[in-house]
1. State the number of residues belonging to the stretch 82-106 that are among the basic types (Lys, Arg), out of contact with any Lys or Arg (no Cβ under 9 Å at 6 or more places or on another chain) and at pLDDT 95 or above.
2. So, in the stretch 265-281, how many residues would count as being more than 9 Å from the ligand (Cβ to nearest atom) and over 21 Å from Pro209 (Cα atoms)?
3. Go through (1) assigned by TED's automatic domain parsing to the domain that holds Pro102; (2) more than 16 Å from Phe95 (Cα to Cα); (3) open to solvent by 50 Å² or more (accessible area, probe 1.4 Å); (4) in contact (Cβ under 8 Å) with a residue 12 or more places away in the chain one by one and return the number of the condition Lys163 breaks.
4. Out of the residues in the stretch 109-159 that are in contact with a helix residue (DSSP H, G or I) (Cβ under 6 Å, 6 or more places away or on another chain) and touching a residue at least 60 places away in the same chain (Cβ under 8 Å), which is nearest to Ile82 (Cα to Cα)?
5. Considering each of Leu186, Leu190 in turn, give the residue that is loosely packed, with under 13 Cβ neighbours inside 10 Å, within 30 Å of Ile225 (Cα to Cα) and free of Cβ contacts under 8 Å to residues at least 12 places away in the same chain.
6. Kindly establish whether Glu295 is touching a residue at least 12 places away in the same chain (Cβ under 8 Å), within 13 Å of the ligand (Cβ to nearest atom), over 30 Å from Leu190 (Cβ atoms) and not hydroxyl-bearing (Ser, Thr, Tyr).
7. Can we say Leu248 is open to solvent by 30 Å² or more (accessible area, probe 1.4 Å), free of Cβ contacts under 8 Å to residues at least 40 places away in the same chain, under 29 Å from Glu306 (Cβ atoms) and within 22 Å of the chain's Cα centre (by Cα)?
8. So how many residues does the stretch 7-32 have that are within 15 Å of Val297 (Cα to Cα) and open to solvent by 30 Å² or more (accessible area, probe 1.4 Å)?
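The values are calculated or read from the model by the stated rules, or taken from the named source; none is laboratory data. No experiment lies behind these values; they were computed from the predicted model shown. Cβ sites come from the backbone with ideal geometry, for glycine too, and all protein chains shown count toward neighbours. Surface areas here come from the heavy atoms of the whole protein model, side chains and all, with no ligands, DNA or RNA. Shrake-Rupley method; radii C 1.70, N 1.55, O 1.52, S 1.80 Å.
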Amino acid sequence: MNEKYLNKIVLGDSRIILKDIEENSVDIVLTDPPYFLDKLDNNWDTNEVHSKKNQQAVKSLPAGMKFSRQQGIDLYNWYYEISKEIFRVLKPGGFFFTFSSPRLYHRVASAVDDVGFEIRDSFIWLYTQNQPKAMSLNHVVRRRKNLNEEEKEKIIKKMDGWKTPQLKSCYEPIVIGQKPVKGGNLDNFLENEVCLVNTNVTTGENMFPANVISVDNILDEIDRIFLVDKPTKKEKGEYNTHKTVKPLSLCKHLIRLTVYSDKGVVLDPFVGSGTTAVAAKMLGKNYIGIELNNEYVDIANRRLSEID
Ligand SMILES: C[S@@+](CC[C@H](N)C(=O)[O-])C[C@H]1O[C@@H](n2cnc3c(N)ncnc32)[C@H](O)[C@@H]1O
């Protein structure tokens, strides 16, 4: 099964490669799609992502972080087509974990739902380290030609602390879709070895696995309940230039929670610098990674080659 792609990082477009993967052959799909990059969803180009001309007024925002309704609709349509193929390749009872963003979660989850997955739950991945993106409007006031200096200062004083409506983002939602089981859970598990969660895998101090996860120490009480293994400093690789590398411990946690068999296959159609594949390999599972960008394929392969 899937021999051609098994334990490989495949250079190519997921929309094409996925069609070539055998149906009902994958245990879980764990992926972090390019969910907010306007116009770049189908053609992620590192230079374009970071180019000045693609940036907006707020320099730290990636290209495409625009608040346009059409962007959400495009994301839904694009992810609907991807999710259809993911549904086909997953075994009955197989899980589809997809990272998303608080702002566009609904589009991602609806696409997953509408192709036939059952939305089982969602994880909240909690963190504290993130730059607030809210912007003061002082510079807009200063540019107003119809106001004199005194009026401008009065408005700026009036709006002290009031900024554009962007909260500091401290969580990332992860959609949990499940391909419906065939027969009941028991028959499905005996046949496919996927559809249940491993409650021996705990969070915090041996807590029943929760739908809130933190990979960094936040606060004793939160850590006690929701902390999973912390990422190591070296895990990305010094040479890793990818901008959105996910924590290895988070990927490992989701795999350990749901993949029973050592023959189990973990697929990531947007594998980037390979974190999902590295996690699967470290846990003795099979993986298939797909990535459009040559540079990231090389990084993923290098990371994989460094695992004993
Ligand atoms: C958010 S990143 C994934 C990062 C990854 N989780 C990691 O830890 O390195 C999404 C990746 O999807 C890739 N990509 C975008 N469109 C693609 C497509 N149509 N097919 C395959 N890969 C694609 C991008 O090049 C990018 O590396």
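1. 1
2. Residues meeting the conditions: 4.
3. Only one criterion in (1) assigned by TED's automatic domain parsing to the domain that holds Pro102; (2) more than 16 Å from Phe95 (Cα to Cα); (3) open to solvent by 50 Å² or more (accessible area, probe 1.4 Å); (4) in contact (Cβ under 8 Å) with a residue 12 or more places away in the chain is unmet by Lys163, namely (1).
4. Val112
5. Going through Leu186, Leu190 in turn, the sole match is Leu186.
6. yes
7. no
8. 4
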